[in-house]
Amino acid sequence: LPYSLGCEVDAYADDSTMSFSAKAVDTIGSNLTENCSKVSLWMRENKLKLNADKTHLITVGTSQRVNKLPESVKVEMDGIILKENPQKYEDLLGISVEYNLKWHRTIDQLKTRLKSRLAGLTKLRFVVPFPFLKTITQGIFNSVLIYCLPLFGGFNKGQLSDLQVLQNKAAQIVTKSPPRSPRNAMFDQLDWLTVNQLIAYHTLLQILKIISFREPEYLYDALCTDNRNGHIVVPNCDLSLALDSFTYRGARLWNNVPPQIRNCPKIGTFKKEIRKYVKQMVPRFSD
């Protein structure tokens, strides 16, 4: 299917997302409509059924530019005009993509999931020994916290603080510490990375995987350019939305990592070394 289309396609299992960018609204609409026709044709030729009603549309850009568009993007598939969600977001692989590329909805949903898990951990606090409770927490709390964290890790300090408060609560439960216990003591006992450190750790790990395996190609193309010092070279930009994105944020982090760590021959060794580096160089808390 991707080879049959004339636009960008991100595919995961049976979930495919087409995208196209241009300065003119009608150019975007005509391109995506043409490619929707190609999708329909490809489906028929391969004896598959297309349900256009389940195809969604979202226009993405800065708030200022999207709100000033003279008209909405019009895309047609199998005779059906695709309509945008009035709330201007779409859920994709467990992440809410908002029209302005902010992460308010994603963070709110994440906080809700984490709070429900904290409630369950609280009930286990005095009936499960420390080693098992720590393992359980890593499975049902930390794994949820780090899902796609490199993607939306450029959120603001207020959102970072909200997530950190929840992680502090998880640490308090596992260590069976009384209220208002020193945060540093709890994280030392658990040997956990804080939210701020987890963002840096998983972003750097993702950068290494992209560079090593050269995929996804669009990210590898953006991150493979380096100078004589082995630093990733990124284009100059003053748009805060772009500077907080994975590519710019990851490149800045990567360029600060010592060469001997960046050049680790094995990913297992890199994980150990980069974790030590993050614990030493990335502040635990933003306040």
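The values are calculated or read from the model by the stated rules, or taken from the named source; none is laboratory data. No experiment lies behind these values; they were computed from the predicted model shown. Cβ: placed from backbone, ideal geometry, glycine included. Neighbour counts: every protein chain shown. Ligands, DNA and RNA are stripped out before the accessible areas are found, and what is left, the full protein with its side chains, is counted by its heavy atoms. Shrake-Rupley method; radii C 1.70, N 1.55, O 1.52, S 1.80 Å.
Before moving on, here are some points about what is shown:
- Accessible surface, per residue, of the stretch 108-233 when the full set of protein chains is kept, probe 1.4 Å, Å²: 52 Å²
- Within the accessible area of the chain, the carbon and sulfur atoms contribute 54%, probe 1.4 Å, all protein chains present.
- Farthest positive-ward along the chain dipole, Cα basis, beta-carbon charges - from Pro150, Val257, Ala119: Ala119
- Taking the helices alone, the chain has a mean residue ellipticity at 222 nm of -15500 deg cm²/dmol, built from -39,500 (n - 2.57) per DSSP H run of at least 4 residues and averaged over all its residues.
- Each residue, Asp238 and Lys83, gets one label point 7 Å from its Cα in the Cβ direction; the gap between the two is 4.2 nm.
- The largest accessible area among Cys224, Cys7 belongs to the first residue in Cys224, Cys7, and the rest follow in falling order (1.4 Å probe, all chains).
- Counting only Cβ charges, +1 for Lys and Arg and -1 for Asp and Glu, the dipole size of the chain around its Cα centre is about 1600 debye.
- The fraction of all Cα pairs in the stretch 59-136 landing in successive 5 Å bins from 0 to the largest distance is 3, 12, 15, 14, 13, 10, 8, 7, 6, 6, 4, 3, 0, given as whole percents.
- Along its first, second and third principal axes, ordered by size, the stretch 1-46 spans 33, 20, 14 Å in Cα coordinates.
- 26 Å Cα-Cα threshold exceeded, pairs from Lys176/Lys209; Lys23/Lys88; Lys23/Lys209; Lys68/Lys102: Lys176/Lys209; Lys23/Lys209
- Rounded to the nearest 0.05, the FRET efficiency derived from the C-beta distance between Asp14 and Arg65 at R0 = 51 Å is 0.95.
- Taking 20 Å as the cut-off, the amide N atoms of the stretch 142-163 that come nearer than this to a point 7 Å along the Cα-to-beta-carbon line of Leu124 belong to 142-147.
- Across the protein chains, with a 1.4 Å probe defining accessible surface, the residues Tyr147, Tyr12, Tyr248 rank Tyr12, Tyr147, Tyr248 from largest area downward.
- Ser143-Asp226 FRET efficiency (beta carbon distance; Förster radius 25 Å; 0.05 resolution): 0.15
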